[in-house]
Amino acid sequence: MTITKKPSILFVYYTYSQQTQRVVESMADTLRERGCDVQLARIEFTDPRYAERFARFPLRHAYRDIFGMVLPQFRGVTGQIRIPDEVRSRSYDLVCIASPTWWLHPCMPIRSFIESDVAKTLLEGKRCAAVAVAHRYWRDDLRILKEHIVRRGGIYVDGSHFTAGGGPVDSMLALFSYLSTGVTKERYLGIKIPPATLQPSYVEQSREFANRLADSLLADSSVLAYG
Ligand SMILES: Cc1cc2nc3c(=O)[nH]c(=O)nc-3n(C[C@H](O)[C@H](O)[C@H](O)COP(=O)(O)O)c2cc1C
């Protein structure tokens, strides 16, 4: 007799302004509705060089705080993080890594996680997916997440991205407005700006992506059988 088990999924993510959190929670809800066992592991950014600026929302000095991350992000600097217990406590059928885009790259806390020994143990030989959450420029973030996953021995199965709306200039004004005030406004520096948070379609899109992940796991008998 074959005994079946629930497919297990772990989301590892970082969030500063809660957009990645919203995406991950929506995916987790869908996967639970599909009968999966889902755990969320939010990485904490504890590095003394940067933690203070990201400990409050909105940013105290938005321009200085955001532009201060340009060099560390492009140089691939890593920093101190706290990894929740869910990551070490067991193994999972699928691990999904979700990162806000910081200067076209996965944010430092997620990069620091992927380069850790804990990540190597977690990802090696496992199905993995990646999610980039950007204001606008998500492409490199997703590509780099995929490369890191493969380098750590993970089996990359799928990826998705989420963005806010607007054109190249007004969307960036909206981002600075949001991160410096903490609220969505209609104008910034006298210029009309689009909403600073994710496009409402993120709900449907995240559910579609989660359903794809569930379909692939539930179609695989080696995931469902004990032993
Ligand atoms: C330091 C920093 C750098 C950022 N760089 C980019 C960028 O290069 N491209 C982009 O589209 N969005 C950029 N953003 C915006 C974030 O990717 C976007 O707001 C995302 O939704 C944040 O996710 P979170 O709310 O989960 O923190 C940046 C935000 C911060 C704080």
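Each listed q (0.11, 0.16 Å⁻¹) maps to a log10 I(q)/I(0) for the chain from the Debye sum over equal C-alpha point scatterers, namely -0.55, -1.10.
Along the charge dipole of region 100-227, Cβ charges K/R +1 and D/E -1, which of Ala210, Leu145, Val169 sits furthest on the positive end? Checking the options against the dipole of region 100-227, the answer is Val169. Largest mean-square fluctuation among Arg34, Arg49, Arg212, in a Gaussian network model of the chain whose springs join Cα atoms under 10 Å apart, belongs to Arg49.
Under the simplified labelling scheme, the Glu44-Arg60 pair shows an inter-label distance of 2.0 nm, with each label point 7 Å from Cα along Cα→Cβ. Other residues lying with their Cβ under 10 Å from the Cβ of Pro195 contribute a combined charge of 0, Lys and Arg counting +1, Asp and Glu -1.
Taking amide H atoms as placed 1.01 Å from N in the peptide plane, the amide H of Gly79 lies under 5 Å from those of Ser112, each 5 or more residues away in sequence or on another chain.
Modelled spin labels at Val70 and Arg82, positioned 7 Å past Cα toward Cβ, are 3.3 nm from each other.
Counted by Cβ distance under 14 Å from Ser216, the other residues give a net charge of -1, where Lys and Arg count +1 and Asp and Glu count -1. For region 24-157, would you read off the P(r) tail past 23 Å as a percentage of all alpha carbon pairs? The calculated P(r) of region 24-157 puts 34 percent of pairs beyond 23 Å. Considering only Pro168, Pro194, Pro106, the mean-square fluctuation computed in a Gaussian network model of the chain, springs between alpha carbons under 10 angstrom, is largest for Pro168. Evaluated with a Cβ-only charge set (Lys, Arg +1; Asp, Glu -1), the chain carries a dipole of roughly 440 debye about its Cα centre, given to the nearest 20. Under a Gaussian network description of the chain, with springs only between Cα atoms under 10 Å, the residue in Cys96, Cys128, Cys36 that fluctuates furthest is Cys36.
Spatially, region 137-184 and region 65-117 are offset by 13 Å when compared through their Cα centroids.
Computed extension gain for Ala51 through Glu208, at 0.36 nm per residue and net of the alpha carbon distance, reaches 53.1 nm. Note the angle between two axes, namely the Cα long axis of helix 202-218 and the longest principal axis of the Cα atoms of the chain, as a number of degrees from 0 to 90, rounded to the nearest 10. Its long axis makes an angle of about 20 degrees. When peptides 20-33, 180-193 are ranked by their average number of other Cβ atoms within 10 Å per residue, the highest-first order is 20-33, 180-193. In plain terms, the residue of Lys146, Lys5 with the fewest other Cβ atoms within 10 Å comes first and the most crowded comes last, giving Lys5, Lys146.
None of the figures in this text is laboratory data; all of them are computed from the coordinates on show. If you're wondering where the values come from, they're calculated on a predicted model, not measured in any experiment. Cβ coordinates were reconstructed from backbone atoms using ideal geometry, including for glycine residues, and neighbour counts include every protein chain displayed.
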